[in-house]
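This report refers to the structure that appears directly beneath it.
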Amino acid sequence: MALNGDDKDFEWEPPTEAEMKVIQARRERQDKISKLMGDYLLKGYRMLAECCDVCGTILLQDKQHKNYCVSCQELDSDVDKDNPALNAQAALSQVRERQLAAQSAAPSQAPELNGGPSSSTSSQASVSVPLPRPEHCEGAAAGGRALLPPPAVPSPSTPAPTPALAPPRPPVSPPTPAISPMLLEAEEAVLVKLRWATNQLQSSASLESSIQLCSLITSCANSLRSLKELSQ
Amino acid sequence: MCAFQGAGMLPVEHLHLEHVLQTVCVLESVVRRSFGPEGGQVLFTQDTGRAMLSRSGARILTALRLEHPLARMVVECVLKHSTVTGDGSKTFILLMASLLRIIHTTACKEPNVSHAYNSKAAAEAAAARHLADKMLAFALEELHDLIAVGVVPYGSCLSWEDFTTQTQLQAHANNHCVQNLLASFFHSRLGRTHCDLMSNLTCELLTHWEFENDLPSSSLHFVKDNLAALHTPVSGFPISCSRLMKGQVIHRDFAAPCPRTDRQPVKAVVFTGFLQPKLLRAEEVLELGCGEEGKQRNIVQFSAWAERSLERVIANLQRLGVSVLLSAVKQSAAVLALAAQAEMSVVECVSEDELSLFARLSGATPVTDCWMIEPEHVALLTFCRPILLGAHRYVHVAFHDSEERVTVKPCSLVICGLGEGQTDQYACALRDAIRMLLSTWEPTGVTATTASERTRQSNTSTSFHTDDQIPNAAPFKQCVLEPGCVIAAGGTFEFLLSHALLQHGSSCSICDDTMMGVPAVCQLLANALLSVPRQIYSHSPRRFLLTQTRLLSSVQNHSHPFSLAHKEEHNTILIRVGGDCECPLEEGKLTKHCCREADVSPKAFMSDSGLESVSCKYQVLLAVLQCVSSVLRVDAVLHTHTALHSQSHRRPNASWDGTDDEAED
């Protein structure tokens, strides 16, 4: 094992305020865990020499020789509440963060475009920052489940994406290296259909077609959700 | 977390700082609620249905089921500490947890970036280790002086004479006496109801066992060593039935109903071996030699000869007028029969401690060879009769007065309790009180060598006696804690010491901006110390702030704690702090005189909340720092599987040089 491992650990900086908050929250959680474990010890549980595989807390064993992890089984998981797939609040905050970052990063992104894309398209890409569509957010908040993939697919709102120019993803989109390109294509295709259905819905007049368009939108959302689950 | 290493195939678990912290925090949450005068009690129930209430930290910690090696190591350290000082197990855990928390915070904020470590966790661990070592070094060198200067002047020095002449100073306002010290100890251990009773009993016991012309600590040593023989637990009675009995109680009954003898003095002999040796034992060969006329002897003749010799022994005893035989072993039926015939009572299977105490008090040596019984083996007793204590019958002896032990009036304490558990609890509290008094009156000047010895001893499981012999070494520095130094309870020690630490840190001339400097260490230690009074006053944080401000303002107002006319005497006392450690009789009287004459100590310091021993607190702090630094050195745990046990047994392995993950210079 090389002695000089990760380079990024060499330059260490003091934790920022956000990180301090996280540290504080973690400490409070640890205090809660300690208190619960102390109560269990006084009840006659046995403190084992092993740690939980998931969270690293020391395991307890009750009188029936069943192992018990205080933090996994009693307290709300520390990590789950940040997972947008499981928590609506986290999803909303993630969307907002991306939005903020896209706004700040889009101007910096513009100079990186070189070659093929003309300046007009680049300016178009920089100007038309894809705002999260309201129905996406509402769907996520109401359903409370898998969020539609964030509008990090920065397709500008032109109906037909220019094939030559693959719009650069803004740096805010979380690099998910696990998503295979096939899934990405599938997502794009579904999104395109979704967009088209939405446009149609806006302009439709008959009840029957509206209902059908809505069901199409629902099925598109479902397929996007399953695509998201697949990618995780 | 678990990594398999190499060909050894032993699972190695790397311990991170968080694990250590979590383990100790769990132990802290267990003892925290029983801490302090307002702490609660823990109800222990056994599977047999037996229930017991206790507040003793050592008892709570031993009752926990802990398989985690680090937790067990910490509990062992606590137990070893409490066998020496008798008190402070919960304080130990609280201090340790707060120190670890502070070290963890500091190490995370500023890890040692100068070394190239592979990961942030390793850097944090190294920083924590350095910090703990630095704190320990500081404590070993300078803490003693800080306490002598910053805390001791605000306390008082109890002298042994105060305690023995307590009956004369009946209602002294300040009540600086050993009784108060004991009462506050028993208050924290047993509760408010019985603390006075127990402290009175203990004081009476100690008064009786005082040796003339000797240091008070020697009588405390004697009582501590012989405590098992000096007290009798009796269950089934309320504690108010506890009393002192003259003489010694031997915890055995007579082997046969003894005839009442009215002659005085009663003569007794102590036997350590068999009067009639067993003839045939397993794996032994008895060889019968040839007798007169070349005839082969047989076993019948041999046993007849053995009986005749036994009769001769008994006749010898009768000639000496002995009427009581005390034996360490179980004698044979023939001996009992012959003794009954000769109107002698026999007590069998007496424990060695009791026999040695008996021998010491009576001045008679035990008989080793029963064919040679001389008058010096005969002990003179005033009486020797059975006594019924609770459900058991014991033998009660009283010694004939001899010139050697004029001041010692042998007495034995009968401790009553409603149930067995309760009685046991009172007896343990008594034992710990004696230990606490001993460590108060014999504050050991801890040198660096004894400190390192203690670190090693606290890590390995040594027997009780090894730990007990902490040498009463010469003082390391000039000033030594006076014997009998006490201070008001309720967190005063911690407040004063943290204030002194902060002042020392700020006045330190070393301009050391790094984390490892002395001012930083003082600051961290001062913060950690405050966790103890914070826990004491956890029910009312306002009282914490009030007490703190009151004490600190008094400290600042009184640059000299004794600011009245008796300044010269007090100056001599303070100068004496820097001098020798002996407390001659005249100066002892001086202390008493000064304390009694003028209300010198400001009321801020001598509150009604009782007294605490300064040296016990100091030893707790040192022990905690040593434990913390040795616990932080552990960075890998090897899980070993032993063949004998079905479950795997795990032992911690302190790897001093780190694993191969770290790049150390």
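Coordinate-derived values only; no laboratory data. Note that the coordinates shown come from a computational prediction; the quantities given were computed from them, not determined experimentally. Note: ideal-geometry Cβ built from the backbone for every residue, glycine included; neighbour counts use all protein chains shown.
Quick notes
- The fewest-to-most ranking of B:His392, A:His65, B:His104 by surrounding Cβ atoms within 10 Å reads A:His65, B:His392, B:His104.
- Distance between modelled label sites at B:Thr365 and B:Arg297, nm, 7 Å Cα→Cβ extension: 2.9 nm
- Calculated FRET value between A:Leu201 and A:Gln64, using beta carbons and R₀ = 60 Å, to 0.05: 0.55
- The gain in end-to-end length when the B:Thr382 to B:Asp145 segment is fully stretched comes to 80.0 nm, 0.36 nm per residue minus the alpha carbon separation.
- Shape category assigned to the range B:320-410 from the gyration tensor of Cα positions, a/c cut at 1.5: oblate
- Rg and Dmax, both from the Cα atoms of the range B:248-409 and both in Å, are 17.7, 63.
- With 24 Å as the limit, the listed pairs A:Lys66/B:Lys80; A:Lys35/B:Lys120; A:Lys35/A:Lys66; A:Lys43/A:Lys66 have A:Lys66/B:Lys80; A:Lys35/B:Lys120 beyond it between alpha carbons.
- Other protein chain Cβ atoms within 10 Å, averaged over every residue that makes up A:19-31: 1
- Counts of other chain beta carbons within 10 angstrom of each beta carbon in peptide B:367-375 average 0.
- Going from the residue with the fewest nearby Cβ atoms within 10 Å to the one with the most, A:Leu207, B:Leu546 rank A:Leu207, B:Leu546.
- Under the convention that each Lys and Arg Cβ holds +1 and each Asp and Glu Cβ holds -1, the size of the dipole of the range B:248-409 around its Cα centre is about 460 debye.
- Counting DSSP beta bridges with both ends in the range B:248-409, the antiparallel % (nearest 5): 70 percent
- Separation of the B:Thr642 and A:Ser223 label points, Cα + 7 Å toward Cβ, nm: 6.6 nm
- Placing a label point 7 Å from the Cα of B:Phe274 along the Cα-to-Cβ direction, the residues of the range B:319-354 whose backbone N falls under 14 Å of that point are B:328-336.
- Taking 0.36 nm per residue of separation and subtracting the current Cα-Cα distance, fully stretching the chain between A:Val22 and A:Ala101 would add 26.4 nm.
- For B:Ile415, the residues whose modelled amide H falls within less than 5 Å of its own, excluding neighbours fewer than 5 places apart on the same chain, are B:Thr232, B:Val234.
- Burial order of peptide ranges B:346-359, B:127-140, A:214-227 (average beta-carbon count within 10 Å, highest first): B:127-140, B:346-359, A:214-227
- Neighbourhood net charge (9 Å Cβ-Cβ; Lys/Arg +1, Asp/Glu -1) for B:Ile487: 0
- Each peptide among B:54-64, B:299-309 gets the average number of other Cβ atoms lying within 10 Å of its residues, and from highest to lowest they stand as B:54-64, B:299-309.
- Within 10 Å of the Cβ of each residue in B:26-38, the mean number of Cβ atoms contributed by other protein chains is 4.
- Per-residue HN-Hα couplings for the range B:609-617 [Karplus 6.51, -1.76, 1.60; θ = phi - 60°; Hz; x = Gly/Pro]: 7, x, 10, 9, 8, 5, 5, 5, 5
- Relative to one another, the C-alpha centroids of the range B:382-403 and the range B:623-644 are positioned 50 Å apart.
- Total lysine pairs in the range B:248-409 at Cα distances under 26 Å, for residues eight or more apart or on different chains: 4.
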